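Notes for the one structure printed next.
None of the figures in this text is laboratory data; all of them are computed from the coordinates on show. Just so we're clear, the structure is a prediction, and the values are computed from it rather than from any experiment. All Cβ positions, even for glycine, are placed from backbone atoms using ideal geometry, and neighbour counts span all protein chains on display.
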Amino acid sequence: MPFARTDDGVNLFYEAAGQGLPLVFVHEFAGDHRSWLPQINFFSRRYRTIAFNARGYPPSDVPDGVQRYSQDRATDDVRAVLDALGIAKAHVCGLSMGGYATLHFGLRHPGRALSLTVAGAGYGSVLAEREKFRADVAQTMRQFEADGMAQVAEMYARGPTRVQFRDKDPTGWAAFRDMLAGGSARGHALTMGGVQAARPSIFELEDGLVKLEVPTLIMTGDEDEPCLEPALFMKRTIPTAALVVLPKSGHTINLEEPEAFNRALLDFLTAVAAGRWTRRNEASQTGSAILPAPTKGTR
């Protein structure tokens, strides 16, 4: 099995396929590298695709101690995978927890990113809902420790932003649930405590987002309620960002709507490669729905 070793001595399992510009996929809390199979199958025909398991997700190491898990660690783990493969710059695409890591990777290591795709990111960011978010996280951590992986997976997979997947594709949803059930309860509990519970709100990142010049695609499902406002905020704040909203879709959009997800991502990567993904035209932000920006020499 191929592994990348991090600065703090954690081994991260990865799989790579295809040739061309590197495209790294970063999985969500309820997934692992296999969550990206529909994307690997599609994009490995055009790109060198890499998907890895986060720390806490076997066969990657499950280090002891919640201090070994954090948003900074998750971000640096993306860099560790690139370093292990000798990749100077890559397109990086992440969903949910992986979307957070992707966004932070762009903020901390912009010179290493050809582009950023931040999908389904923002849960727990809305300030009025932070206490509810923390309470839900604490309860779920206790359930991992008390009930075990299979029982929590059954609950987690039936959440309000997962039922859309079940309604559209019961077989695909069952495979997603079963994959989650095969994970490490300890690894998930530690990840939830060190990464999920402690990460900053998307809205707290404004100072960095307004300076972010890496081409960025924001994606979300229109029924992924916790991520809608953060998605709009990122679109409005990052000068190089665009927003794709998939209709009648929840959180697991790369599995729920793989064709639409792949098409949007491919169009984005193609525009970046052609030099056609530019900053937002400032003339689109006059504060009026009708009146254009004044031309030079006019008042």
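Assorted remarks:
- Less than 5 angstrom separates the built amide H of Gly120 from those of Ser96, Met219, Thr220, Gly221, all sequence-distant by 5 or more or on a different chain.
- Spatially close Lys pairs in the chain, defined by Cα atoms under 27 Å apart and a spacing of eight or more places or different chains, total 8.
- Separation of alpha-carbon centers, the range 126-202 and the range 263-291, rounded to whole Å: 34
- Computed from point charges on the beta carbon alone (+1 for Lys and Arg, -1 for Asp and Glu), the dipole magnitude for the range 1-156 about its Cα centre is near 640 Debye.
- Positive minus negative residues near Val195 (Lys, Arg vs Asp, Glu; Cβ under 10 Å): +2
- Normalised by the number of residues in the chain, the average gap of Cα pairs under 8 Å and 6 or more apart makes the relative contact order 18 percent.
- Going by neighbour counts of Cβ atoms within 10 Å, the residues Ile253, Ile87, Ile40 line up, fewest first, as Ile87, Ile40, Ile253.
- Net charge of neighbours whose Cβ lies under 11 Å from the Cβ of Pro63, counting Lys and Arg as +1 and Asp and Glu as -1: +1
- Using the Cβ of His251 as centre and a radius below 10 Å, the other residues enclosed give a net charge of -4, where K and R count +1 and D and E count -1.
- Shape of the range 142-277, Cα gyration tensor, a/c cut at 1.5: oblate
- Stokes-Einstein D in µm²/s, Kirkwood radius over Cα pairs - the chain at 20 °C with 1.002 mPa s viscosity: 110
- Screening the chain for whole DSSP H helices of 15 Å or more along their axis (Cα) with average Kyte-Doolittle hydropathy at least -1.0 returns 71-84, 97-108, 170-181, 225-237, 258-273.
- Rounded to the nearest 20 debye, the dipole magnitude of the chain is 940 debye, with +1 charges on Lys and Arg beta carbons, -1 on Asp and Glu beta carbons, and the Cα centre as origin.
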